[in-house]
Amino acid sequence: SLEDVELQESLDNVLKSIRSLVETSKATIHADFSNTGKIRFNKRYMESVFLNLLTNSIKYASPDRPPIIQIRSETINGTDRLTFSDNGLGFDMEKVKDKIFGLHQKFHNHKDSKGIGLYLVHNHITSLAGKITVESQENIGTTFTMTFRK
């Protein structure tokens, strides 16, 4: 069901649950919800989106630098948009573009990878008529852009 979701509150709940992971990884998380603090969505789904994207960014951080994760919300032409960027390993868009949100897809040989995080994120967003797109460059990072129907 749709409800007004407080972005900062959702993010804070997730960060509490993964505090040790964030500390161990030395990740820096910048969140700017000053433009749009609330998005019409589903609270449980939003926390799952944050959880999956944050843990992915940390899991696939570059070994050369600590993770920096930037989350921003804004309203453009009446559409709420959430962008989530990291400076991690990234991937070759040409190779993965059709598979990125598929079930059990893995793009790095990572022992903990189940290949379901992005699949879940995609399902959460699209089940409520939103859209999600991704841009990535190897060794530079990845940006997810989510748009939400009002």
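Across segment 1-78, C-alpha contacts under 8 Å between residues 6 or more apart give a mean separation that, scaled by the residue count, equals a relative contact order of 45 percent. Placing +1 on the Cβ of every Lys and Arg and -1 on the Cβ of every Asp and Glu, with nothing else charged, gives the chain a dipole about its Cα centre of roughly 340 debye.
The candidates 19, 72, arranged from most to least accessible area with a 1.4 Å probe in the full protein assembly, appear as 19, 72. Legend: calculated FRET efficiency, residue 44 to residue 75, from the Cβ-Cβ distance at R0 = 25 Å, rounded to 0.05, equals 0.65. Surface composition of the chain: carbon and sulfur atoms hold 47% of the protein heavy-atom accessible area at a 1.4 Å probe.
Residue ranges 138-150, 22-34 sort as 138-150, 22-34 when ordered by packing (mean number of other C-beta atoms within 10 Å per residue, highest first). In order along segment 54-61, the phi-based Karplus estimate (6.51 cos²θ - 1.76 cosθ + 1.60, θ = phi - 60°) of 3J(HN,Hα) comes to 5, 5, 4, 4, 6, 4, 9, 5 Hz; Gly and Pro are listed as x. Based on Cα contacts under 8 Å between residues 6+ apart, the chain shows a relative contact order of 24 percent. When the Kirkwood radius is taken over all Cα pairs of the chain, what Stokes-Einstein diffusion coefficient follows at 25 °C and 0.890 mPa s, in µm²/s? The estimated diffusion coefficient comes to 158 µm²/s. For every other residue with a beta carbon closer than 12 angstrom to the beta carbon of residue 38, add +1 if it is Lys or Arg and -1 if Asp or Glu, then tell me the sum. Around residue 38, the surrounding residues sum to -2.
Report summary: the helix-based calculation at 222 nm, which adds -39500 (n - 2.57) for every DSSP H run with n ≥ 4 and divides by the residues of the chain, gives -10000 deg cm²/dmol. So what's the net charge close to residue 15: Lys and Arg +1, Asp and Glu -1, counting the other residues with Cβ under 13 Å from its Cβ? That works out to -2.
The values are calculated or read from the model by the stated rules, or taken from the named source; none is laboratory data. In this text the structure is predicted, and so the values were computed from the model without any measurement. Cβ: placed from backbone, ideal geometry, glycine included. Neighbour counts: every protein chain shown. Accessible surface areas use protein heavy atoms only, side chains included; no ligands, DNA or RNA. Shrake-Rupley method; radii C 1.70, N 1.55, O 1.52, S 1.80 Å.
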